[in-house]
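First up is the structure itself, then whatever we jot down about it.
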Amino acid sequence: MRRGGAALALMLVLCGAHSQSLLQRHVTVHAERVRLATALSLVAKDGGFRLSYNAAAIPVDSLVNVNAGDTRVEEVLRALIPARMAWKESGSHLILIDARAARRKVRIAGRVVDAASGEAIAKATVYAVEERQAVSTSADGGFMLEASTEQARVAVMVARATYHDTLVYAGPDGALGTIALQRRGVLERIDPRCELERCEVEEIGMARLLVPTDRMQQAANIEGERRGIQASLWPAISTNGPVNGAMINRYSFNLLAGYARGLEGVELGVGANIERNDVIGLQVAGMANLVGGDAKGLQIAGFHNHVMRSARGVQIAGFGNTVWDTLTGAQIAGGVNAVRGGMTGTQIAGALNLATRDVNGVQVSGAVNVTVRDVNKTQVAGALNYGRHVRGTQFAGGANVALGRVGGGQIAGALNYARDVTGGQVAAGMNLAVDTVRGGQVGVFNLARVVQGGQVGIVNFSDTISGASVGILSFAWRGYHRLDAVGTPELPLSIQLRTGTRAFHNIIGYSPSVRADGRWGFLYGFGFEPRVGEKRFIDIDLTAEQVVEQREWVDAVNILGRFSIRYSLVSTRRFALTLGPVINVLTSDWRDPESGAHLSALSPAEPWSAWVIGDTRVSLWPGAIAAAGLRF
């Protein structure tokens, strides 16, 4: 307890030291033979504060001389006013008090109207400056305010948004009669009042729930003052009284919730901290920090940080951080980070990062990153990354989507999609590039218009490709295509299609029944074709063909594998002749069900080598192959 008391006392001392007294301000005023009232006005103007006093207690019409050069306000006033006068500070107000007067209660009443039309003004704030008591006018403009004072007159300020503030004095009977407010000049606005869906922090559901309507109205009517320290139980109970929403605090402590115009220092809250305008410094709340203006510094909330303009610094929240304008710094949340404008910095979220404009930084999310415009660095997500142009890299456990360019590549567990990619695409599922991929594609299914590199996948499609396309099925519209009629001793005719690139292509074939025994087959394989001259090539092929050695289907393995190296001559631009040796390997479990003898007649009677593994016979022998083909 002693340590806690000492810490609190130290904080109060620091608060008082940091918030300079009006009396300690320095002024420079030079005037000769002026009315005392004029001299006091000059001092207040140069000191930047408002001065209230009872004209009956001070000889305001007496002539005085003032010769103050960078002198404290207290010294100047001591030389001007009677010795019996004391003073009291109230925010930016300095009130001169007759020390001999006894404190009395005054019931102040009156009515507020528009000076031009005479119509009643409802919801105007009537503020007893000395007591910090305030009420709002009713629908007919009337009000009643109780105050206690030591002066013969009570200073009362009447304020309403869009009207000039008016300071009046209530006499002993408290009757103010009709008070006419002059409307401020209003310029017609061409632009909308604000670009956001909600313009004020009071329009947020939590603020509407916690802040009484009359406190909102007082805050809208009264010009802000700076206070050193304040404490609130909740917005209706504050050391700043009914005008707490008009005050800018340096140190603020809130239990359930606090409400102020702004913060320039430190604010701690168990529940919610609510600021109408700007925050500069540190905000810590068990529940939420809600800021209607800009935020500069550090915000920490157990649930939510919300800034309605720009934020510069760091936001840390258990659930979410939102900024309706731009963010410069970092957002860290267990759930969601959202920036309605642009962002320079980092977003880290357990579920979602969202930015509606450019992101000059990094987004890291356990689930989803979404940037409506450009990402100038990197996106990392457990499920989905989405952006327009991404100058860095996209990493996702699920999908990467970039509607425009990606400068550092895409790596995903399921899908990569972009218009133009530099750095390649790697996915366990599908890669799609509407335009060009520089660096290649690796995935189950690859699709691109132009591939400057290679494709590795089960299925590869492209319009134009400069490297190899390795897969079970590869097709490049402007790639390598050849249709061959192939002959071997085992199968006199086989129609085979080659598609892909010369560096790697797929071979798909069908061998029709042209022999008396009716044998037929279907083939799949790989090949590549290095150039050895202007019109000369070498075809290196590896194929496997299921051969059915009768007209009817046989439910047995009877696969003839071939490895061939053939010389290819292109006699014209499109026609090619090929000839070369081949190594045949037959793997067959086609047997007679009664005798168990192997029935295949594809291999010669005496092959190079033959062996039996269980029910399967493997035979190896040399052969020859010839083909005539048409390139297209």
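The values are calculated or read from the model by the stated rules, or taken from the named source; none is laboratory data. As the structure is a computational prediction, the values presented were derived from the model and not from experiment. Neighbour counts are summed over all protein chains in view; Cβ atoms, including those assigned to glycine, are modelled from backbone coordinates with ideal geometry. Heads up: the accessible areas ignore ligands, DNA and RNA and are worked out on the full protein's heavy atoms, side chains in. Shrake-Rupley method; radii C 1.70, N 1.55, O 1.52, S 1.80 Å.
Within the shell of other residues whose beta carbon sits under 13 angstrom from the beta carbon of residue 465, the net charge comes to +3, with Lys and Arg scored +1 and Asp and Glu -1. On the basis of the beta-carbon distance and an R0 of 45 Å, residue 620 and residue 464 show a calculated FRET efficiency of 0.65. If you plug the beta carbon distance of residue 183 and residue 403 into 1/(1 + (r/R0)^6) with R0 = 35 Å, you get a FRET efficiency near 0.10. Solvent-accessible surface of the chain, averaged per residue with a 1.4 angstrom probe and all protein chains in place: 46 square angstrom. For region 310-428, the Stokes-Einstein estimate of translational diffusion at 10 °C and a viscosity of 1.306 mPa s comes to 119 µm²/s, using the Kirkwood hydrodynamic radius over alpha-carbon pairs.
Here Kirkwood radius over Cα pairs in Å was computed from the coordinates, and among (1) 29.5; (2) 28.2; (3) 32.4 the match is (3). Accessible surface of region 362-441, 1.4 Å probe: 62 percent of it comes from carbon and sulfur atoms. Backbone amide hydrogens, once placed in the peptide plane, bring residue 375 within less than 5 Å of 359, 388, 389, 390, 391, excluding anything fewer than 5 places away on its chain. Full extension of the chain between residue 34 and residue 575 gives 183.3 nm of extra length, using 0.36 nm per residue less the Cα-Cα distance.
Multiplying the residue separation of residue 84 and residue 344 by 0.36 nm and removing their Cα-Cα distance gives an extension gain of 87.6 nm.
Amide H contacts for residue 346 (H built 1.01 Å from N in the peptide plane; partners 5 or more residues away or on another chain; cut-off under 5 Å): 329, 330, 331, 362. Karplus-derived 3J(HN,Hα) values for region 335-349, using 6.51 cos²θ - 1.76 cosθ + 1.60 with θ = phi - 60°, are x, 10, 10, 9, 10, 7, x, x, 9, 10, x, 9, 10, 10, 9 Hz; glycine and proline are entered as x. Debye-formula intensities of region 377-493, expressed as log10 I(q)/I(0) at q = 0.22 Å⁻¹, are -1.06 (one equal scatterer per alpha-carbon, no solvent). Computed 3J(HN,Hα) for region 486-498, one whole-Hz value per residue from the Karplus formula 6.51 cos²θ - 1.76 cosθ + 1.60 where θ = phi - 60°, is 10, x, 9, x, 6, 9, x, 9, 9, 9, 10, 10, 10, glycine and proline marked x.
In this calculation the C-beta distance from residue 497 to residue 203 is compared with R0 = 51 Å, giving a FRET efficiency of 0.15.
Between the amide H of residue 124 and those of 137, distances stay under 5 Å, these residues lying 5 or more places away or on another chain, with hydrogens modeled in the peptide plane. Listed peptides 485-496, 618-629, 340-351 appear in the order 340-351, 485-496, 618-629 once ranked by packing, highest mean of other Cβ atoms within 10 Å at the front. Spin-label model, residue 388 to residue 236: label points 7 Å out along the Cα-to-beta-carbon direction sit 4.8 nm apart. Remark: region 200-211, residue by residue, has Karplus-estimated 3J(HN,Hα) of 10, 5, 5, 7, 6, x, 5, 5, 4, 6, 8, 9 Hz, where x stands for each Gly or Pro and the curve is 6.51 cos²θ - 1.76 cosθ + 1.60 at θ = phi - 60°.
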